[in-house]
Amino acid sequence: MIKELWNSFPRILEEKINALLDEAEPSSTKAFQLYKTCQREQVFSGTFEKFTEHLDQYFSIAKSDRRKSDIDQLLDRPLHSSVYLEFHLNFRTAQVSALSVSNIVSWAHNLLRLNYRNNSPVISSDVINKALQYIISPPLYEKAQDISFADFCEAWKKTVFKLFGKQYDGEFTQIMNELKWLDKQSTEMAEARSISHEPFIPTIYLTQTEIDWTESVHRAVFFHQPVPKFPLSKGPQKQRLIDLQRAISLYKIVQSSKLPEFVKHRENIRTTILSRCESLLKDRAR
């Protein structure tokens, strides 16, 4: 169970961070801005206090269930669609739940501590919290929504450097390398699941050049030899060949690395490449 959680750590953390906006309310500044906008559009003539009650009612609805009609019925008349877009929140305009933030920090810290079996300062609750605060209270030049795991890693890196300088560089780099690797693996798996749900296409047209390259890749990986580059400078253009090229790139990374967290995935990637080559050669149009 812990291993499964750890393998999914980047994706789950990313989802947890973005989900903060699903339950967020407008900040006081955003609430007043929406109030003035509705007054200007002549769709609300009541007091600011009454308007905030309407906002509370609207944002108490689960985000997936909110509709324009939910806010329209609370106003004097319906909003124009373009004005309704202003009710969308991001981390600059939202007030997120402090309890939810605390729960994410606790979850992330405990999983990191269990995996690394130590209490390193770089994975402390305080550091994770400060990195998360950077995300949910972003400077003007940073993203305020659609946060990726890479965005969190960058905030975490800045936090560690600000607090400790380069004191824990080696340790932090090792942790970051493994987490980025897990993130790549998770992305690959998501892409694979997406492909598996697509309608089955029994054949794919491959040129002779593409066939020769696929066969050469299979032979090289099977016999643990250097993998040949794609023969055309523009690279593969067909999605399945592009996916194969991505797997090859990952394989080359783990081949040249001596880090245990990379080495342990080497055989899995090798098997993936062999399987994709065999599938391409089997499905190609004859």
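The values are calculated or read from the model by the stated rules, or taken from the named source; none is laboratory data. These numbers come from a predicted model, not from an experiment. All Cβ positions, even for glycine, are placed from backbone atoms using ideal geometry, and neighbour counts span all protein chains on display. For the accessible areas, the whole protein counts, side chains as well, though only heavy atoms, and no ligand, DNA or RNA atoms are used. Shrake-Rupley method; radii C 1.70, N 1.55, O 1.52, S 1.80 Å.
Values as computed for the structure displayed
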{"read-out": "Residues of segment 221-239 satisfying the condition of being modelled with pLDDT of 90 or more and surrounded by 15 or more Cβ atoms within 10 Å (Cβ to Cβ)", "value": "V227, F230"}
{"read-out": "Helices (runs of 4 or more DSSP H) within segment 48-112 that include 2 or more residues touching a strand residue (DSSP E or B) at 6+ places or on another chain (Cβ under 9 Å)", "value": "48-59"}
{"read-out": "Unique match (being at pLDDT below 90 and open to solvent by 50 Å² or more (accessible area, probe 1.4 Å)) among S28, S81", "value": "S81"}
{"read-out": "Condition met for P121 (modelled with pLDDT under 95, more than 22 Å from I175 (Cα to Cα) and either among the hydroxyl-bearing types (S, T, Y) or out of contact with any strand residue (DSSP E or B) (no Cβ under 8 Å at 6 or more places or on another chain) (or both))", "value": "no"}
{"read-out": "Selected residue [of a type in the set (A, V, I, L, M, F, W, C), surrounded by fewer than 15 Cβ atoms within 10 Å (Cβ to Cβ) and closer than 26 Å to N177 by Cβ] from I248, I242, I273", "value": "I242"}
{"read-out": "Filtered residues of segment 34-60 (kept if open to solvent by 50 Å² or more (accessible area, probe 1.4 Å) and either in contact (Cβ under 8 Å) with a residue 12 or more places away in the chain or under 29 Å from the mean Cα position of the chain (by Cα) (or both))", "value": "E41, Q42, S45, F48, D56, Q57, S60"}
{"read-out": "Residue in segment 4-18 that is farther than 30 Å from L114 by Cβ, among the acidic types (D, E) and surrounded by 12 or more Cβ atoms within 10 Å (Cβ to Cβ) present", "value": "no"}
{"read-out": "Index of the failed condition, Q145 passing every other in (1) within 13 Å of the chain's Cα centre (by Cα); (2) part of a helix (DSSP H, G or I); (3) over 18 Å from L112 (Cβ atoms)", "value": "(2)"}
{"read-out": "Any hit, segment 98-115, residues being within 16 Å of the chain's Cα centre (by Cα), open to solvent by less than 30 Å² (accessible area, probe 1.4 Å) and touching a residue at least 60 places away in the same chain (Cβ under 8 Å)", "value": "yes"}
{"read-out": "Test: residue in segment 125-142 that is without any contact (Cβ under 8 Å) to a residue 60 or more places away in the chain and more than 22 Å from the chain's Cα centre (by Cα)", "value": "yes"}
